[in-house]
Amino acid sequence: MNKSNYSTILDFGHSKLRLGVFNKKLENIYSTSKNIIEKKNNEEYSKTIKLIIKDAEKNISDHLENVIVLYDSPQIHSVDLSIKKDFDQNVYFKDINSSLILEANQLIQNNYIKDKIIHFIINKYIIDGKEYFKPKKELKFKKIIAEIKFICLPNGKFNKIINILKENNLQVLNFYCSSYAKSFSYIDSFLENKFTTFLDIGWERSTITLFESKKLKFIKSISIGGNHISKDISHILKLD
């Protein structure tokens, strides 16, 4: 199988690692998962990744080099930024949009030096006083404001995963917040709702994402997950 014909996705969970290989039609051609016993042991994560990669390569009869990572953490947080530009003469949207986003990214990187940007979402543009969600490339104007939401992860968490994958000769093509990515994939099922909220309960964290008209308005993670709930039930009912 040609490497360009499929994508490999690793859901890097706290208690379980899940791997899926998909073809160009987004059909799952192989998937597997492994539980993590010692959840604070980086070596176990590395060994488990090595095992599931070997299993996948054996089943698809090909070598895996690149991977897309899904990851969540209680330390994931969002930053809202509004950036404004005034021009002396009319300019085209297509000519300045990329540089505007690049400047916004640089502002976040300069002021949140301990964080890694893993998503940015443009909520809206205000162009010459009018609101736009998807301006036409040929639109001309003199004033523009872009309202952007950035989803960030501490560098330490990000680098830990990158290094574990490098140990297994895997290159990370993209790195996504799993709660956001999963909720965004379901948002079209709720088009009749102006507001839609998703709650993703993980092993030791829970993440809530709130959308308004398909745009992310709020995301928040806390260090309480299914494991804590199970322990509380066990304690109250006096069950092991």
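Among the strands (runs of 3 or more DSSP E) confined wholly to segment 1-110, which include 3 or more residues that are open to solvent by 90 Å² or more (accessible area, probe 1.4 Å) and more than 17 Å from Phe158 (Cβ to Cβ)?
Numbers: elements: 6-12, 16-23, 28-35, 66-71, 77-92.
In segment 1-110, 77-92 are the strands (runs of 3 or more DSSP E) which contain 3 or more residues that are open to solvent by 90 Å² or more (accessible area, probe 1.4 Å) and more than 17 Å from Phe158 (Cβ to Cβ).
May I ask you to say which residue of Ser15, Ser61 is more than 20 Å from Leu173 (Cα to Cα) and within 20 Å of the chain's Cα centre (by Cα)?
Ser15
Condition first: open to solvent by 70 Å² or more (accessible area, probe 1.4 Å) and within 15 Å of Ile148 (Cβ to Cβ). Now tell me which residues in segment 111-120 satisfy that.
Of all residues in segment 111-120, those open to solvent by 70 Å² or more (accessible area, probe 1.4 Å) come to 111-114, 116, 120.
Once the filter is applied, which keeps residues that are open to solvent by 70 Å² or more (accessible area, probe 1.4 Å) and within 15 Å of Ile148 (Cβ to Cβ), segment 111-120 yields Asn111, Tyr112, Phe120.
Applying the selection to segment 118-158, what residues are assigned to a strand (DSSP E or B), of a type in the set (Phe, Trp, Tyr) and under 27 Å from Ile208 (Cα atoms)?
Of everything in segment 118-158, those that are assigned to a strand (DSSP E or B), of a type in the set (Phe, Trp, Tyr) and under 27 Å from Ile208 (Cα atoms) turn out to be Phe120, Tyr125, Tyr132, Phe150.
Could you please let me know if Leu139 is more than 27 Å from the chain's Cα centre (by Cα), among the aliphatic types (A, V, I, L, M) and at pLDDT 95 or above?
Yes; evaluated as a whole, the condition is true for this residue.
Which residue out of Asn123, Asn155 is among the polar types (S, T, N, Q), at pLDDT 95 or above, open to solvent by 10 Å² or more (accessible area, probe 1.4 Å) and closer than 28 Å to Ser179 by Cα? Full working, then the answer.
On the way: Asn123 fails: at pLDDT 95 or above.
Of Asn123, Asn155, the one residue that is among the polar types (S, T, N, Q), at pLDDT 95 or above, open to solvent by 10 Å² or more (accessible area, probe 1.4 Å) and closer than 28 Å to Ser179 by Cα is Asn155.
The values are calculated or read from the model by the stated rules, or taken from the named source; none is laboratory data. Small disclaimer: the values here were computed from a predicted structure and weren't measured. In this analysis, Cβ positions are derived from the backbone assuming ideal geometry, glycine residues included, and neighbour counts consider all displayed protein chains. Each accessible area value is taken on the protein alone, full model and side chains, heavy atoms only, with ligands, DNA and RNA left out. Shrake-Rupley method; radii C 1.70, N 1.55, O 1.52, S 1.80 Å.
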